[in-house]
Amino acid sequence: MGKRPRGPDRVTLRRRSPLPVWAQIAWRAGLVIGLLLLAVAVHWFERDGLKDTHDGVVDFLDVLYFTSISITTTGYGDIVPVSPSARMFDAFIVTPIRIFFVLIFVGTAYNLVFRRSWDNFRMERIQRNLSDHVIIAGFGTSGSEALDELLALGAPAHNVVVIDTSAEALERPESLGCAVLEADATRDKTLQAVHIERARAMIVSAGRDDTAILITLTARHLAPRLKISVAVRNEDNELLARQAGATTVINPVSFAGLLLAGSTHGAHISDYIADLASSSGRVRLSERDVLDEECGKPLSEITKGLGVRLYRDGVPHGFWEPEAKSLRPGDCIVEILPTAKRERELGKS
């Protein structure tokens, strides 16, 4: 097993803002204009409290001028504009320039000080809403396919958290609306940041078996009852992954070999297996607990789909075995169902 990589001391969980960039700029500009108009309105209604040393009359242009230099904290000097054209130039040309300079300083302060506070605030908001979510640790090819399948199965994007050490890899899940965390998933601090103890399931696709097993060990330590699915490439590491706490171990290489071998016994076998594993096909596999009204009935007469296997006390039994002749409370059923797309097609026919 390789050396445990060291990640950053501070992790920031984030999610793409639902507003596009132009909308974010627009509401900020609208806020500035709204505040300016509010100040102008107040000064206009309270214009009797203002004094113009030039002509003694305070009109709307005077109010606009006074508001502009007041908001920008320009102050008053011994040289002031007195003609309408000079004052309008100061209000509409000079003032935006002053604001531009202020924004430069504010932007610098934001990057140095306020950004961390803002990131922490956003992270706390996301964390508060994290519950019954799915965590994907590692966003390579397998992780990306897993995310696509989750979304196709109806999982909301905001209920999926993706962890990876590459900022570039996180761009796609963030654009889809997932919460993302650029950090090392082998560290306790990282998994605690995504509230792994409240997660529904975790998918580990780290690209390296040693890293995947270490992530699984860390996750199992923090969440003893969490469902953890792990992808490993070396068959020798499948037992280690299970010993580390993996609920399900997937070997893409072995699975591909099974499909290839199955295709030699029939042209449609591999197609049907792929169909079962994908939400875009005509059928899908589903796992659920036995219903009360199904207890006592054989697996072949379940009310929802085609039962192919049951688990009793953690032991699998096929539909042909004696245990499948009478279902019991607590049994777990694996069944074949039509996909949602196929069910809609059947409903229309």
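The values are calculated or read from the model by the stated rules, or taken from the named source; none is laboratory data. Quantities reported herein were computed from a predicted structural model and do not represent experimental measurements. Counting neighbours? That spans all protein chains shown, and the Cβs are built from the backbone with ideal geometry, glycine included. Calculation scope for accessible area: heavy atoms of the full protein, side chains included, ligands and nucleic acids excluded. Shrake-Rupley method; radii C 1.70, N 1.55, O 1.52, S 1.80 Å.
Taken as a whole, the condition of being at pLDDT 90 or above and surrounded by fewer than 16 Cβ atoms within 10 Å (Cβ to Cβ) does not apply to GLY314.
All conditions but one from (1) out of contact with any Gly (no Cβ under 9 Å at 6 or more places or on another chain); (2) small (Gly, Ala, Ser); (3) open to solvent by 10 Å² or more (accessible area, probe 1.4 Å) apply to ALA157; the one that does not is (1).
Residues are listed down the side, and each one gets a yes or a no for (1) crowded, with 18+ Cβ neighbours inside 10 Å; (2) under 25 Å from PRO252 (Cα atoms):
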position	(1), (2)
GLU182	yes, no
THR186	yes, yes
LYS189	no, no
HIS195	yes, no
ARG200	no, yes
ALA206	yes, yes
ASP209	yes, yes
ALA212	yes, yes
THR218	yes, yes
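Of all residues in the stretch 224-244, those that are surrounded by 15 or more Cβ atoms within 10 Å (Cβ to Cβ) have Cβ atoms under 8 Å from Cβ atoms of residues that are outside any strand (DSSP E or B) and basic (Lys, Arg), 6 or more apart or on another chain, in LEU226/ARG220; ILE228/ARG220; ALA244/ARG220. I'd like the residue in the stretch 294-311 that is open to solvent by less than 40 Å² (accessible area, probe 1.4 Å) and of a type outside the set (Asp, Glu) and, out of all such residues, is farthest from the chain's Cα centre (by Cα). Only one residue fits best here, namely PRO298.
Within the stretch 279-293, the set of residues being open to solvent by 30 Å² or more (accessible area, probe 1.4 Å) and assigned to a loop (DSSP other than H, G, I, E, B) comprises SER280, ARG282, LEU291. Residues in the stretch 161-180 that are surrounded by 15 or more Cβ atoms within 10 Å (Cβ to Cβ) and acidic (Asp, Glu): ASP164, GLU174. Counting only strands (runs of 3 or more DSSP E) that sit completely within the stretch 294-338, those holding 1 or more residues that are under 17 Å from ARG284 (Cβ atoms) correspond to 306-312, 332-338.
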